[in-house]
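Reading through the structure tokens given below for one structure.
The values are calculated or read from the model by the stated rules, or taken from the named source; none is laboratory data. If you're wondering where the values come from, they're calculated on a predicted model, not measured in any experiment. With ideal geometry, Cβ positions are generated from the backbone for all residues, glycine too; neighbour counts draw on all protein chains shown. Surface areas here come from the heavy atoms of the whole protein model, side chains and all, with no ligands, DNA or RNA. Shrake-Rupley method; radii C 1.70, N 1.55, O 1.52, S 1.80 Å.
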Amino acid sequence: MTINGQWLPLWQPLVDTFAANFAMGEEGAGLALVHRGELVVNICAGQRSNKLAVVERTDWTEDTLVNIFSAGKGLVALCILQLVAEGKLRLDEPVASIWPEFAQGDKGTVTLRQLLCHRAGLSAFHQHIPNEQIFNWGLMTQAAAAEIPWWEPDTAQGYSPFMFGWILGELVKRASGYASFNDYFQARVAQPLQVNCHFGLPEYLLDAIADTGPLKRPLGVAASSTGADSIALGKLMKADPRGVTNRAFSNPISLMTATNSREWRQAQIPAAGAHADARALATIYGALANASQRLLDESVLPLCWQEQTFDDDRTLGLPLRFSHGFMLSQHDRADCRYGRGARAFGHPGAGGCIGFADPDFELGFGYVTHRMGQGLLIDERAVRLIDAAYHILELENV
């Protein structure tokens, strides 16, 4: 397997692990690490397809973009925390104070903090959502404003796969004065860092996308319990077709089936529709791991790793830890271990993509792939890469 890109010699064992993933079933992927503010690894390999551009097979490059799914949630949280730092949003004030229509459905006391840590009871839509509606920002934010919580807010934890993004994205739009969530993200995050990440792709970038799809063969011995978790999630969905888990992922079904369409790629679906390359994730998280880069004010930065909830999640059916919009490590589980530092935080995306920051090691990590595994959290490919990276850091004491 030919590995393209750049890396410092110290990181050769990580590059070898990346190559080994291809021998075990990987088909196209990118990996980047920022350490102490320096891009020390930026590599890619394999091939991609893009049926909308009539590209059946072509080489994966450093600029190849892929749908990172829920790995984009951490970037949404970053935008919210920037506005908290500026005093334009307040964690414990009702969301309805900025968005009056949100008070419908007994949500008048729901706070921004509850939304960020998935304790607002807004994990899925009760109302039927037509398939094409997910591409219309106005209709989706209206639907979110009209929803009722699945349980009394702050009494339980329930991951919000999709609604999370529309609600928080609308708050960013209203509090910042930008015309759209993506306009804010480009102006305040992507452009200052000169990274390629978008919530709604412009026309000129559509050809750079890698189609997503399932892994064609298993990657060998599982590194964690993620396969079992995926089976358990399927059982939860089937057990109660009208329950929160099934509705969260299948109302509408286009949330699961439309992800390679032009409409999905150009719509703003913040919780699941970000498109990025590996360098973008590593650079953003690398800036958060290095406070001197000032992506987030030091007074607010600890919110990224301060635990807000650690509970059996009613949507995913397994224990999860959250800070303010980011997942936190459970160090006894490889599929929930974001780095090795006590302050590490990040977010995985469906099937494999992941970005995280580890301030204790001054590390930003980004991994993207277009072949989706069965894990709910950190995919076994990423687990191997994370382990290899920290073996280098600990061995070299850097």
query = Going by alpha carbons, how many degrees (0 to 90, nearest 10) lie between the helix axis of 226-239 and the longest principal axis of the chain?
reply = 30 degrees
ask   = Roughly what % of Cα-Cα distances in segment 69-113 sit above 13 Å, to the whole percent?
value = 59 percent
request  = Would you rank Met256, Met24 by solvent-accessible area, highest first, keeping every protein chain in place and using a 1.4 Å probe?
outcome  = Met256, Met24
task = Take the alpha-carbon positions of segment 257-398, form their convex hull, and give its projected area averaged over all directions (one quarter of the hull surface) in nm².
result = 9.4 nm²
task = Find the accessible area per residue for segment 268-346; the probe is 1.4 Å, ligands and nucleic acids are left out, and the unit is Å².
result = 31 Å²
remark   = Dividing the helical contributions, -39500 (n - 2.57) per DSSP H run of n ≥ 4, by the residues of the chain yields a 222 nm value, nearest 500 deg cm²/dmol, of -8500 deg cm²/dmol
Between helix 163-176 and the chain: long-axis angle, C-alpha atoms, 0 to 90°, nearest 10 = 80 degrees
note = The local net charge around Gly121, scoring Lys/Arg +1 and Asp/Glu -1 for residues other than Gly121 whose Cβ lies under 14 Å from its Cβ, equals -1
task = Rounded to the nearest 10 degrees, what's the angle between the helix 12-23 long axis and the longest principal axis of the chain, both from Cα atoms, 0 to 90?
result = 80 degrees
message = At 1.4 Å probe size, put Val54, Val84 in order of accessible surface, largest to smallest.
response = Val54, Val84
key: Pairs of alpha carbons in segment 293-336 whose separation is greater than 13 Å (percent)   = 60 percent
query = What label, among (1) 19.5, 57; (2) 19.9, 64; (3) 26.1, 87, belongs to Rg and Dmax of the Cα atoms in Å computed from the structure on display?
reply = (1)
key: Alpha-carbon centroid distance for the pair segment 259-328 / segment 1-34, whole angstrom   = 24 Å
request  = Using Cα pairs closer than 8 Å and at least 6 residues apart in sequence, work out the relative contact order for segment 1-50, in percent.
outcome  = 47 percent
remark   = From highest to lowest solvent-accessible area (probe 1.4 Å; ligands, DNA and RNA excluded), Arg294, Arg265 read Arg294, Arg265
inquiry  = Please compute the contact order of the chain in relative form: average sequence separation of alpha-carbon pairs under 8 Å and at least six residues apart, divided by the residue count, as a percent.
reply    = 24 percent
task = Run down the lysines and flag those whose C-alpha is under 23 Å from the C-alpha of Lys73, throwing out any fewer than 8 positions away in its chain.
result = Lys88, Lys107, Lys173
task = Enter the accessible area of Tyr178 (Å², nearest 10), with the probe set to 1.4 Å and all protein chains included.
result = 80 Å²
request  = Collect residues whose amide H, placed 1.01 Å from N in the peptide plane, falls under 5 Å from the amide H of Gly325; neighbours closer than 5 in sequence don't count.
outcome  = Cys117
Calculated P(r) of segment 48-175 - Cα pairs past 23 Å, % = 38 percent
request  = Run the accessible area of the chain with a 1.4 Å probe and give the carbon-and-sulfur part as a rounded percent.
outcome  = 50 percent
request  = For segment 82-138 and segment 331-348, write down the distance between their C-alpha centroids in whole Å.
outcome  = 27 Å
